[in-house]
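Asker: One structure coming up, written as structure tokens, with questions to follow.
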Amino acid sequence: MTASDFDHLVQPHRVHRRLYTDPQIFSTEMTRVFAASWCYVGHESEIPEAGDYRTTTLGLRPVLMTRGRDGAVNVLLNRCAHRGTVVAGEARGCAKRFVCPYHGWTYTPEGRLVAIPFPADHPAEDYAKLSLGRLEAASYRGFVFATLNAAPEPLEVWLGEAREALDTIIDRHPGGELAPMGSPQLLEFAGNWKLSWDNAADGLHATFAHHSYNTLGEMVDTETVLARDPGSTPMVSKALRNGHMVVDQRPGIPQGPWATMRNVPFREPLESRLAAAGDGDLLDLATGSMLNLSLFPNLIFVGNQLLVVEPVAVDRTRLQLWLTSAPGAPDEIDLLRLRVDEDFVNFGTPDDLDMFERVQRGLGVPEMEWIDMSRGLPDSAGDAEAGTVSGPITSEAPQRRYLAHYARLMNNPAATRAR
Amino acid sequence: MTKALESAVDSASAAVLARYDELAALLATMGDRPRCDPDLSAVATAALLHEARLLDAGRFEEWLGGWTDDAVLWVPLSAPAHPGRDQSLLLDDRRRLAERVEWRRDPAAWGQQPPSLTARVVGGVEAWPAPGGGLVARSSLLIEEHRHGRRQQLAGYQVHELVGDDLRRRTKILVVAALGTGVRNPSFLL
Ligand code: FES
Ligand SMILES: [Fe+2]
């Protein structure tokens, strides 16, 4: 792949189907996009104590997030320095030492090799060279990101304007406390990972793809957040630098988020209890912020979900759905969140999954090369210079801008390395 | 708010938690049960096979009619789990079960249009008398699903609490391993 390939494949108004179907492009993305960007790997609240760990992937690479004895968070390549075995096999746990199951090499939670059984052949000075690979890691208010980029920009610079939206999402929780619950739901679809990205700031599809969700609302006289006329709603979508995107639905729902919810199971007693305690105004916390934020390339805030996008193959993607709790709020809020969250996962998400798979099948047609992304052009020039574009939610500016960022990453590969 | 009203509110929300605890306990203690009651197991088998037949045939309205008013269908992501502390795929009361049936009939509910073709294999049915009358049954479940030319097979088990002479479903817990490891569009699960 040469430096200009992606100028052809990603044009201002259209992109080529190969982005979604070419296995070679996919494998290049795993390094140039995923390994070279800051990716979300977990939340600090998941590993409160020294030795706590959790595993995930970053661009197909098995990754291990640990809490060290000094309290610091480490993000390591979950790959033994001996012959390459994945060292930690569980999704999460607590370990003073990580012992490789193959030949027993033993590492600290910081990734340092401390024991090799039958060590006669290994001079002591080898130990320092044979640690687990490290990623550069940084957290922002509990959210841990990591990268293999050899010279990454600081996390906060990379977040840029997206920081404001992230702060808003965190700060609506009492005490600024927010924590993913237990373990995620894992949903897979037979489609390319970018389909979920194309969809994350797509304000128009709700009217069509989520028609049945809106019908359920109409049956009980509830105007769901997705039922607003996309052509006239004051909701805004924003394309930010570095491929980040925002859809701000708040201006379109003047009665607040709670008014957009149907009666989820066991709603009434919990709602009455909050009202009786004088906490009725907290009910909006039971729904999402209505500020959808996507941090390219793998973290999407929607509802009270952290949606982590895990590419598996060019035509296969796994979504990790983490429900977040509000530990500083009255218990009723999290009890409601559980049921509120299921509502869209059951009656909305299946639409999205089906659209992703339909698109992937359609993109298998070689004779039709292009995907049109021209809605809302031209982007205003001043905006484009600043790197951000905002507009009505019917505009495809967020898709165009994240793909332009993607093309830059693909055209100009950054060096990646393990520390 | 008067004192009487306040305590009514408190007891209503306590009832929610009590139902959640009851569900969690039912699931958690399933493995500790003694050998089943063979006669009751035969009775339960007939009810469970009938349910599987209705679901595979898409006779959702009839299926909906077989639930009690205080029904709960719970699909946790793994077991053990608690409906008030852990994310679930779904926890439906009677109202949402009815919505689900409406949704299955909506031609624009793309997640199930066209609908999944399913074949459920229910086996290993064990039943015990339930404390409040009725019975509790555990059974193994294998579902083969076909949709859009693809198939997936999900394995798990289900726990039913069936009450009254007509063995209405008061509780059903469906444990499907793949929900915690990676499943394709699970919206056919009931
Ligand atoms: S591969 Fe890990 S000890 Fe040999
Ligand atoms: Fe959607």
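Asker: Output the residue which, of all residues in the range B:114-156 that are under 15 Å from the mean Cα position of the chain (by Cα) and polar (S, T, N, Q), is least open to solvent (accessible area, probe 1.4 Å).
Answerer: Result: B:Ser139.
Asker: Being in a strand (DSSP E or B), assigned by TED's automatic domain parsing to the domain that holds A:Leu204 and open to solvent by 30 Å² or more (accessible area, probe 1.4 Å): is that true of A:Val312 here?
Answerer: Details: in a strand (DSSP E or B): yes; assigned by TED's automatic domain parsing to the domain that holds A:Leu204: yes; open to solvent by 30 Å² or more (accessible area, probe 1.4 Å): yes.
Spelling it out, A:Val312 is indeed in a strand (DSSP E or B), assigned by TED's automatic domain parsing to the domain that holds A:Leu204 and open to solvent by 30 Å² or more (accessible area, probe 1.4 Å).
Asker: If you don't mind, there's one more thing I want to ask. Would you please name the residue that is nearest to B:Gly84 (Cα to Cα), looking only at residues in the range B:1-31 that are among the acidic types (Asp, Glu) and modelled with pLDDT under 95?
Answerer: Out of the qualifying residues, it is B:Asp10.
Table: residues versus (1) open to solvent by 20 Å² or more (accessible area, probe 1.4 Å); (2) within 30 Å of A:Arg17 (Cα to Cα); (3) within 16 Å of ligand 2 (Cβ to nearest atom).
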position: A:Ala146; (1), (2), (3): no, yes, no
position: A:Asp167; (1), (2), (3): yes, no, no
position: A:Pro174; (1), (2), (3): yes, no, no
position: A:Gly191; (1), (2), (3): no, yes, yes
position: A:Trp197; (1), (2), (3): no, yes, yes
position: A:Asp202; (1), (2), (3): yes, yes, yes
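Asker: Which residues, counting only those in the range A:344-357, are in a helix (DSSP H, G or I) and either more than 8 Å from every other protein chain (Cβ to nearest Cβ) or in contact with a Cys (Cβ under 6 Å, 6 or more places away or on another chain) (or both)?
Answerer: First pass over the range A:344-357, keeping only residues in a helix (DSSP H, G or I): A:344-347, A:349-357.
Across the range A:344-357, the qualifying residues are A:Phe344, A:Asp352, A:Phe356.
Asker: Kindly list the number of the only condition in (1) modelled with pLDDT of 95 or more; (2) open to solvent by 20 Å² or more (accessible area, probe 1.4 Å) that fails for A:Thr2.
Answerer: (1)
Asker: Let me ask you something else. Has the range B:65-80 got any residue that is more than 14 Å from every other protein chain (Cβ to nearest Cβ) and either closer than 22 Å to A:Leu216 by Cα or touching a His at 6+ places or on another chain (Cβ under 7 Å) (or both)?
Answerer: Filtering the range B:65-80 for residues more than 14 Å from every other protein chain (Cβ to nearest Cβ) gives B:65-66, B:68.
Okay, now just the ones that are also either closer than 22 Å to A:Leu216 by Cα or touching a His at 6+ places or on another chain (Cβ under 7 Å) (or both), so B:65.
Within the range B:65-80, one or more residues are more than 14 Å from every other protein chain (Cβ to nearest Cβ) and either closer than 22 Å to A:Leu216 by Cα or touching a His at 6+ places or on another chain (Cβ under 7 Å) (or both).
Asker: Of everything in the range B:157-190, what is more than 11 Å from every other protein chain (Cβ to nearest Cβ), at positive phi and surrounded by 15 or more Cβ atoms within 10 Å (Cβ to Cβ)? Give them in sequence order.
Answerer: Scanning the range B:157-190 gives a single hit, B:Leu167.
Asker: Does B:Leu17 count as open to solvent by 70 Å² or more (accessible area, probe 1.4 Å), free of Cβ contacts under 8 Å to residues at least 24 places away in the same chain and farther than 18 Å from B:Leu97 by Cβ?
Answerer: On the way: open to solvent by 70 Å² or more (accessible area, probe 1.4 Å): yes; free of Cβ contacts under 8 Å to residues at least 24 places away in the same chain: no; farther than 18 Å from B:Leu97 by Cβ: yes.
Against the criterion (open to solvent by 70 Å² or more (accessible area, probe 1.4 Å), free of Cβ contacts under 8 Å to residues at least 24 places away in the same chain and farther than 18 Å from B:Leu97 by Cβ), B:Leu17 does not qualify.
Asker: Any residue at all in the range B:106-113 that is part of a helix (DSSP H, G or I), in contact with a Phe, Trp or Tyr (Cβ under 9 Å, 6 or more places away or on another chain) and either polar (S, T, N, Q) or modelled with pLDDT under 95 (or both)?
Answerer: The answer is yes; a qualifying residue exists.
Asker: If A:Ile333 meets every condition in (1) within 16 Å of ligand 2 (Cβ to nearest atom); (2) touching a residue at least 40 places away in the same chain (Cβ under 8 Å); (3) not aromatic (Phe, Trp, Tyr) apart from one, which number is that one?
Answerer: Of the numbered conditions (1) within 16 Å of ligand 2 (Cβ to nearest atom); (2) touching a residue at least 40 places away in the same chain (Cβ under 8 Å); (3) not aromatic (Phe, Trp, Tyr), the odd one out for A:Ile333 is (1).
Asker: Out of the residues in the range A:237-254 meeting the condition of being among the charged types (D, E, K, R) and crowded, with 20+ Cβ neighbours inside 10 Å, tell me which one is farthest from A:Leu336 (Cα to Cα). Outline the logic, then answer.
Answerer: Of the range A:237-254, the ones among the charged types (D, E, K, R) are A:238, A:241, A:248, A:250.
Those left that are additionally crowded, with 20+ Cβ neighbours inside 10 Å: A:238, A:248.
Numbers: A:Lys238: 30, A:Asp248: 23 Å.
Only one residue tops the list, namely A:Lys238.
Results for (1) in contact with a Leu (Cβ under 9 Å, 6 or more places away or on another chain); (2) under 22 Å from A:Leu113 (Cβ atoms), shown as yes or no for each residue.
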| position | (1), (2) |
| --- | --- |
| A:Arg18 | yes, no |
| A:Thr21 | yes, no |
| A:Gln24 | no, no |
| A:Thr28 | no, no |
| A:Phe34 | yes, no |
| A:Arg61 | yes, yes |
| A:Gly71 | no, yes |
| A:Leu76 | yes, yes |
| A:Cys94 | no, yes |
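Asker: How many residues, within the range A:309-343, are within 22 Å of A:Gly203 (Cβ to Cβ) and more than 11 Å from chain B (Cβ to nearest Cβ)?
Answerer: Just the residues of the range A:309-343 that are within 22 Å of A:Gly203 (Cβ to Cβ), to begin with: A:309, A:317, A:319, A:321, A:340-341, A:343.
This time we only want the ones that are more than 11 Å from chain B (Cβ to nearest Cβ), so: A:309, A:340.
Total meeting the criteria: 2.
Asker: Sort through B:Arg168, B:Arg150 and tell me the only one that's among the basic types (Lys, Arg) and in contact with a strand residue (DSSP E or B) (Cβ under 6 Å, 6 or more places away or on another chain).
Answerer: Values: B:Arg150 fails: in contact with a strand residue (DSSP E or B) (Cβ under 6 Å, 6 or more places away or on another chain).
Result: B:Arg168 is the single residue among B:Arg168, B:Arg150 that is among the basic types (Lys, Arg) and in contact with a strand residue (DSSP E or B) (Cβ under 6 Å, 6 or more places away or on another chain).
Asker: Now for a different question. Quick check on this structure: which one of A:Pro257, A:Pro230 is surrounded by 17 or more Cβ atoms within 10 Å (Cβ to Cβ) and either within 23 Å of A:Leu195 (Cβ to Cβ) or of a type in the set (S, T, N, Q) (or both)?
Answerer: Numbers: A:Pro257 fails: either within 23 Å of A:Leu195 (Cβ to Cβ) or of a type in the set (S, T, N, Q) (or both).
Step by step, each of A:Pro257, A:Pro230 is checked, and only A:Pro230 is surrounded by 17 or more Cβ atoms within 10 Å (Cβ to Cβ) and either within 23 Å of A:Leu195 (Cβ to Cβ) or of a type in the set (S, T, N, Q) (or both).
Asker: Filter the range B:82-100 down to the residues that are open to solvent by less than 20 Å² (accessible area, probe 1.4 Å) and over 14 Å from the mean Cα position of the chain (by Cα) and list them by number.
Answerer: B:His82, B:Gly84, B:Gln87, B:Glu99
Asker: Now a separate question. Pairs please, first residue from the range A:111-130 and aromatic (Phe, Trp, Tyr), second anywhere and surrounded by 12 or more Cβ atoms within 10 Å (Cβ to Cβ), Cβ atoms under 7 Å, 6+ apart in sequence or on different chains.
Answerer: From the range A:111-130, the pairs are A:Tyr127/A:Leu113.
Asker: Filter the range A:262-278 down to the residues that are part of a loop (DSSP other than H, G, I, E, B) and surrounded by fewer than 16 Cβ atoms within 10 Å (Cβ to Cβ) and list them by number. Steps first, please.
Answerer: Applying the first criterion (part of a loop (DSSP other than H, G, I, E, B)) to the range A:262-278 yields A:262-266, A:277-278.
A:Ala277, A:Gly278, listed by residue number.
Asker: What residue, among those in the range B:85-104 that are out of contact with any strand residue (DSSP E or B) (no Cβ under 7 Å at 6 or more places or on another chain) and part of a helix (DSSP H, G or I), is farthest from the other protein chains (Cβ to nearest Cβ)? First the steps, then the outcome.
Answerer: Taking the range B:85-104 as the starting set, the residues that turn out to be out of contact with any strand residue (DSSP E or B) (no Cβ under 7 Å at 6 or more places or on another chain) are B:85, B:95-96, B:98-99, B:101-104.
Within this subset, residues satisfying the condition of being part of a helix (DSSP H, G or I) are B:95-96, B:98-99, B:101-104.
Numbers: B:Arg95: 6, B:Arg96: 5, B:Ala98: 10, B:Glu99: 6, B:Val101: 11, B:Glu102: 7, B:Trp103: 6, B:Arg104: 10 Å.
Per the criteria, the residue is B:Val101.
The values are calculated or read from the model by the stated rules, or taken from the named source; none is laboratory data. Just so it is clear, the model here is predicted, and its values are computed rather than measured. Counting neighbours? That spans all protein chains shown, and the Cβs are built from the backbone with ideal geometry, glycine included. SASA here: full protein model, heavy atoms, side chains in, ligands and nucleic acids out. Shrake-Rupley method; radii C 1.70, N 1.55, O 1.52, S 1.80 Å.
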